[in-house]
Amino acid sequence: MNDQTETLEFQAEARQLLQLMVHSIYSNKDVFLRELISNASDALDKLRLAALVDKDLTVDTGDLHVAIEVDREARTLTVRDNGIGMTRDEVVSVIGTIAKSGTAELLRQLREAKDAGASQELIGQFGVGFYAAFMVADRVELVTRRAGETGGTRWESDGAGTYTVAPLDDAPQGTAVTLHLKPVDAEDNLHDYTAEWTIREIVKRYSDFIAHPIRMAVQRTGEGDETSTETVTLNSMKALWARPRGEVEPAEYHEFYKHVSHDWADPLETIHMRGEGTFEYEALLFIPSHAPLDLFSPQGRRGVQLYVKRVFIMDDCDALMPNYLRFVKGVVDAHDLSLNISREILQQDRQIRAVRRRLVKKVLATVKELKTGQPERYRTFWAEFGPAVKEGLIDDTDNRDTLLEILSVASTHDQAELTDLAGYVGRMKDGQTDIYYATGENRATIENSPHMEAFRAKGYEVLLLTDPVDEVWVEQVGSYDGRTLRSVAKGQVDLDTEEERTEAEAERERQRTEYADLLGWMGGVLTDSVKEVRLSTRLTTSPACVVGDAHDLTPTLEKMYRAMGHEVPKVKRILEVNPGHPLVAGLRKAHEQGGTEASLAETAELLYGMALLAEGGDLADPSRFARILADRLARTL
């Protein structure tokens, strides 16, 4: 030190804030190197810009780089750049004080914060990544000289109460930050930051795509145990997303996809996009060719990584992609983004929401293009990711119309090929106003359900929905192209034409009169299970079926809600009986003739149980049903 050295004190609030940052904010101490490299990269970019703007500034921008220097014996690590540098006043303003304003107010809010998460959000208002160095260092030295200036500045602090600032005559242009490292402590996650492979791994993970070379001198042992020193570049600088698409070969995209996704197969589709205007970003996204095993696991990983100016910020950035597109892999590199102090938790702001909207629209537009232009690739996509995409019909109302356009489902129109809703509407019968659908565990169960009989007999197409999410989205969406989505297992169904209805009215009235007593009696016998027993217009061959009212929860939805811990009341459904079936006609006759009450009641139970089983439902008391059935069969022998 010389006579011009100044010893300055941190303000009391600044000392408290520094201690809070060092001990509470960063969950991973390795990020200190990311922060220092990011600052160095920013300084290099600023120098290049200054050289373009200020023609009087004489600087060499031909070899802008970041250098990492290690002294294993002294246990120091230095991050050096030949960038813009700082003046003495800038050092005091930017480095010497943690927050330029509002420190006292920040600490007041921190003390009032209820939890650590709230504290992190508040601290996120201040950009102070440089101080991450004190997590791993007992003392930090900074030497800097502003480009175009003749003298430099030396700053030093142990992160406690004071720091020193002194002028230097022979400082090189740029900034060098030297850390006097703490001892290695595995329990405190303090690694050996003088080890070559530790530094390589951190740079590869966080700073691989920095636009400037990150160099380090390493020792190599040759023949005869002779040692030599060579300078190696630690980062690839290959940010594919920053290059024009026409300059990137498909093989390069595929290699990069495998790098970010750890997948063994090539992607199904590559999306390379750039956002310009008030907020700039680049995105390189991939749609995989097959679904990951954890696609429907609550702990499943998201696929989009966030970078800011090529600096890695976080994996699995759920703020950039909705849950129903969780299978999309890739990178988003933002040029300017509001981050919190540790860059580990993203603040929800207008910019992020705008990027998310654009990314989602681009992904869905790409899928739509596949559907119209490359049907085979679209079929692969939908087979792998269709059930997940359908979740967007529930959550993403802004893009619901687009989602309905790319939706494909099975239907009775074709045994092998799926259909879209537009295709269904184009095939609707004259006078048909509703889009009919049926839900169930699989296609065979649905097609053999009694609910389908009238539709099959009349030639009406029915959508066959077999994914669990189908039960929810059809209720949420409600309609398509002005036509109501209607379940074949709900409400009254009458597919007759006006002429057929007129011709059959007399017969129906006769049946209602004949069966009035039986239906009333059955309603009393089955009162614990059903809320009504009525004649059916949807059955042609089965004796009975169970249906719900138009706005009732389906049995499948009841199970789903209960599985999620929601208490929902038991929904009683309606038993419809077919007056043209011999079993129902025989039951009516036996009831008119005063048959044994107990025997007739058991027949009514069997009829209801068979209706449940026919639709793939569950019996409330399977053992009782089996016992009654066995007794009836024994009497026939």
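The values are calculated or read from the model by the stated rules, or taken from the named source; none is laboratory data. Worth saying up front: this structure is predicted, and the values here are computed from it rather than measured. Glycine gets a Cβ as well: all are built from the backbone with ideal geometry, and neighbour counts include every protein chain shown. Accessible surface is based on the protein model in full, side chains and every heavy atom, while ligands, DNA and RNA are left aside. Shrake-Rupley method; radii C 1.70, N 1.55, O 1.52, S 1.80 Å.
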* Protection proxy ranking, peptides 483-495, 510-522, average beta carbon neighbours within 10 Å, highest first -> 483-495, 510-522
* Asked: Of LEU539, TRP473, VAL493, which is farthest on the positive side of the dipole of the stretch 462-578, counting Cα position, with +1 on Lys and Arg Cβ, -1 on Asp and Glu Cβ, and the Cα centre as origin?
  -> TRP473
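Any idea what the relative contact order of the chain is, in percent, if you count C-alpha pairs under 8 Å spaced at least 6 apart?
Taking the mean separation of contacting Cα pairs over the length of the chain, I get 9 percent.
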* Structure fact -> Plugging the Cβ-Cβ distance of ARG427 and ASP631 into 1/(1 + (r/R0)^6) at R0 = 41 Å yields, to the nearest 0.05, a FRET efficiency of 0.25
* Set Lys and Arg Cβ to +1 and Asp and Glu Cβ to -1, take the dipole of the chain about its Cα centre, and tell me which of ASN82, VAL525, TYR561 lies farthest positive. => VAL525
* Any chance you could get the radius of gyration and Dmax over the Cα atoms of the stretch 209-259, in Å? => 16.6, 50
* Asked: How large is the helix-only mean residue ellipticity at 222 nm for the chain, computed as the sum of -39500 (n - 2.57) over DSSP H runs with n ≥ 4, divided by its residue count, in deg cm²/dmol to the nearest 500?
  -> -11000 deg cm²/dmol
* To do: Would you tally the net charge around ARG562, using a Cβ to Cβ cut-off of less than 14 Å, leaving ARG562 out, and scoring K and R as +1, D and E as -1?
  => -2
* Asked: Taking the Cα centre of the chain as the origin and placing charges on Cβ (Lys, Arg +1; Asp, Glu -1), which of LEU575, ALA416, VAL53 is farthest toward the positive end of the dipole?
  -> LEU575
* Structure fact -> Restricting to aspartates and glutamates and to Cα separations under 16 Å from LYS55, and discarding same-chain partners fewer than 8 apart, the set is GLU149
* Asked: Of all the accessible heavy-atom surface of the stretch 491-635, with the other protein chains kept in place and a 1.4 Å probe, what percent is carbon and sulfur?
  -> 54
* **Length released on extending from GLU503 to THR541, taking residue separation times 0.36 nm less the Cα-Cα span** => 11.6 nm
* Asked: Hey, got the dipole for the stretch 389-437? About the Cα centre, +1 on K and R Cβ, -1 on D and E Cβ, debye to the nearest 20?
  -> 240
* Which percent of Cα pairs goes in each bin when the distances of the stretch 288-425 are cut into 10 angstrom slices starting at zero? -> 11, 38, 31, 14, 5, 1
* Excluding PRO450 itself, calculate the net charge of residues whose Cβ lies under 9 Å from the Cβ of PRO450, where each Lys or Arg counts +1 and each Asp or Glu counts -1. => -2
* To do: In Å and from the alpha-carbon atoms only, list the Rg and Dmax of the chain.
  => 35.8, 121
* Report the label-to-label distance for PHE279 and ARG220 in nanometres (one decimal), using points 7 Å from each Cα along the Cα→Cβ vector. => 4.6
* Over the chain, average the accessible area per residue using a 1.4 Å probe and give it in Å², no decimals. => 49
* Per residue and in Å³, how big is the convex hull formed by the alpha-carbon atoms of the stretch 357-495? -> 110
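Which GluC sites (Glu not before Pro) in the stretch 214-257 pass both tests, a DSSP loop state and at most 11 other beta-carbon atoms within 10 Å? Please report the intermediate quantities before stating the final value.
Details: sites: GLU223, GLU226, GLU230, GLU247, GLU252, GLU255; in loops: GLU226.
Listed in order of number, the matching sites are GLU226.
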* Point-charge dipole on Cβ atoms (K/R +1, D/E -1) for the stretch 501-637, about Cα centre, debye to 20 -> 200
* Cα-based helix-to-principal-axis angle, 582-592 vs the chain, degrees rounded to 10 -> 60
* Determine the percent antiparallel among the DSSP beta bridges restricted to the chain, to the nearest 5. => 75
* Percentage relative contact order, the stretch 208-324, counting C-alpha pairs under 8 Å, at least six apart -> 18
* Asked: Based on the mean of other beta carbon atoms within 10 Å per residue, what is the order of 311-317, 171-177, 370-376, most packed first?
  -> 171-177, 311-317, 370-376
* **Estimated distance in nm for a label pair at ASP528 and LYS55, the labels positioned 7 Å out from Cα along Cα-to-Cβ** => 9.7
* Asked: Taking the stretch 467-550 as the region of interest, what is the percent of Cα-Cα pairs per 10 angstrom bin, listed from the shortest bin to the one with the maximum distance?
  -> 13, 35, 32, 18, 1
* **Candidate aspartates and glutamates - alpha carbon under 13 Å from LYS531, same-chain residues fewer than 8 apart omitted** => ASP549, ASP552, GLU576
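Write out the chymotrypsin sites (Phe, Trp or Tyr not before Pro) in the stretch 201-297 meeting two conditions: DSSP loop, and at most 13 other Cβ atoms within 10 Å of their Cβ.
Passing sites in the stretch 201-297 are TRP264.
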* Which FRET efficiency value, to the nearest 0.05, is calculated for ARG624 and LYS572 with the Förster distance at 22 angstrom and r the Cβ-Cβ distance? -> 0.75
* Extent along principal axes [Cα atoms of the stretch 514-575; Å; largest to smallest] -> 45, 25, 17
* Given a Förster radius of 22 Å and the C-beta distance between GLU252 and ALA365 as r, what FRET efficiency does 1/(1 + (r/R0)^6) yield to the nearest 0.05? -> 0.40
* Asked: Cβ under 15 Å from GLU249's Cβ, GLU249 left aside: what net charge do those residues give with Lys, Arg +1 and Asp, Glu -1?
  -> 0
* To do: Would you kindly compute the Cα radius of gyration of the stretch 470-613 and its largest Cα-Cα separation (Dmax), both in Å?
  => 17.2, 54
* Where nothing but the Cβ of Lys and Arg (+1) and of Asp and Glu (-1) is charged, how large is the charge dipole of the chain around its Cα centre, in debye to the nearest 20? -> 840
* Asked: Translational D (Stokes-Einstein, µm²/s) of the stretch 128-257 at 4 °C and 1.567 mPa s when Rh comes from the Kirkwood sum over C-alpha pairs?
  -> 71
* Find how much the distance from VAL94 to ALA242 grows on full extension, using 0.36 nm per residue of separation minus their present alpha carbon separation; answer in nm with one decimal. => 50.3 nm
* Asked: Among the aspartates and glutamates, which fall within straight-line cross-link reach of LYS309, defined as a Cα-Cα distance under 13 Å, with same-chain neighbours fewer than 8 residues apart omitted?
  -> GLU35, ASP42, ASP45, ASP208, GLU280, GLU282, ASP333, ASP336
* To do: Could you tell me which of the pairs LYS490/LYS589; LYS368/LYS559; LYS29/LYS258; LYS490/LYS570; LYS361/LYS390; LYS390/LYS572 are separated by over 22 angstrom between their Cα atoms in the structure shown?
  => LYS490/LYS589; LYS368/LYS559; LYS29/LYS258; LYS390/LYS572
